[in-house]
Amino acid sequence: MMHDLKIKDLSFSYKNDSKLILKDINLDIKAGEFVCLLGQSGCGKSTFLRLLAGLETSTTGTILLGDEPIKGASLSRGIVFQDYGLFPWMTAGENIMLALKQKFPNQDKKKLKCLALNTLKSVGLDESVYRKLPKELSGGMKQRCAIAQAFGIDPPILLMDEPFGALDAVTRARLQDLLLKLWSQDSQKKTVFFVTHDVDEALLLANRIIVFGQSPSSIIYECSISPDKRFTREAQFENPEIMELRNNLIFQINRDVTSRISN
Ligand SMILES: Nc1ncnc2c1ncn2[C@@H]1O[C@H](COP(=O)(O)OP(=O)(O)OP(=O)(O)O)[C@@H](O)[C@H]1O
Ligand SMILES: [Mg+2]
């Protein structure tokens with residue numbers, strides 16, 4: 001498939017530092033999967049996401065998108081960061097337009113503006129937000145704009161780095177639902193690669209959960225949740241199966257840390 005991701009024997013260290021951050025990562029992600037990556041702070045989750053985005057280059061090993069190695073950033077991979085990724089000197093609308101202009105360079109401005117307003121609507125924001133600067137918006141609204149921007153350019157792959165980390169519980173729950181809705185509505189499902197350190201968030205969103213160990217990280221645990229078993233928010237704290245999985249995930253995340261502290 002054109003948009004399958006294949007990560008083979010990947011390792012990575014930053015150029016200014018010989019310390020190995022990621023080690024021996026092998027992972028196949030099929031187009032349309034919703035993958036959540038869990039792991040302790042500092043284990044290399046954001047680094048791995050930047051590698052998938054093409055913002056860093058692997059030290060050894062390869063990342064293939066279809067048959068092509070990933071080189072540099074591309075419109076095929078939208079990114080949503082924790083800090084929203086909106087330019088502070090441009091209005092929300094201008095931020096969205098900037099992304100849309102890259103995706104549709106030949107489209108006329110009126111049509112693009114229409115599309116921008118529609119994407120704002122699709123994430124539950126009204127037209128007035130179009131003219132507001134990021135500093136005039138709440139965290140939740142900024143995050144909605146960032147999602148609108150990412151869905152507006154409609155990339156087959158969406159990379160999200162703790163996008164809801166800074167939000168209060170209610171706003172976070174709303175945006176999780178919104179993301180799931182937007183994702184499931186697509187007839188050609190996007191691949192979502194979603195970094196979080198919140199086990200419950202991963203259980204709610206993912207079809208597949210991956211856990212990184214401590215740096216130099218590799219995948220220390222992996223599980224799948226079949227789509228017909230997708231747990232609702234209500235079932236999350238009642239269903240014995242999900243409770244067991246939850247406990248296991250917390251155990252896996254901490255396992256590596258405990259063994260390192262005691263060594
Ligand atoms: N630009 C950089 N140059 C050198 N080292 C870096 C750079 N960015 C991150 N690192 C190091 O890489 C390691 C992994 O960082 P990374 O940000 O990927 O972790 P993370 O899992 O995303 O953590 P968190 O959950 O806190 O966001 C850390 O030790 C960090 O200090
Ligand atoms: Mg990070």
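Below are the figures for this structure:
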read-out	value
Approximate spin-label separation D177-E222, in nm, with each point projected 7 Å along Cα-to-Cβ	3.3 nm
Helix 109-122 vs. the chain, principal-axis angle (Cα, 0 to 90°, nearest 10)	50 degrees
Packing-based exposure ordering (other Cβ within 10 Å, fewest first) of D200, D161, D228, D108	D228, D108, D200, D161
Cα gyration tensor category, rounded, prolate or oblate, for the stretch 122-172 with a/c compared to 1.5	oblate
Approximate spin-label separation D17-H197, in nm, with each point projected 7 Å along Cα-to-Cβ	1.5 nm
Dipole axis of the stretch 117-263 (+1 Lys, Arg; -1 Asp, Glu on Cβ), positive-most option in S128, P216, F231	S128
Cross-link partners of K229 among lysines (Cα-Cα below 17 Å; sequence separation of 8 or more within a chain)	K181
Listed residue pairs exceeding 22 Å between alpha carbons, taken from K109/K132; K71/K121; K8/K30; K71/K190; K132/K190; K121/K142	K71/K121; K132/K190
Lys/Arg +1, Asp/Glu -1 at C-beta; the stretch 7-94 dipole; positive extreme among F87, F48, I21	I21
Distance between modelled label sites at D186 and A73, nm, 7 Å Cα→Cβ extension	1.9 nm
Considering only the chain, percent of DSSP beta bridges that pair antiparallel, nearest 5	50 percent
Aspartates and glutamates whose Cα lies under 14 Å from that of K6, excluding same-chain neighbours fewer than 8 positions away	D24, D28, E33, D67, E68
Per-peptide average of other Cβ atoms within 10 Å, ordering 149-160, 117-128, 22-33, 76-87 highest first	149-160, 76-87, 22-33, 117-128
Charged-residue dipole, Cβ positions (Lys, Arg, Asp, Glu), the chain about Cα centre, Debye nearest 20	860 debye
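Bear in mind that the values in this text are calculations on the coordinates, not laboratory data. All of these numbers come straight from a predicted model, not from anything done at the bench. Because the Cβ atoms are built from the backbone with ideal geometry, glycine has one as well, and the counts that use them run over all protein chains shown.
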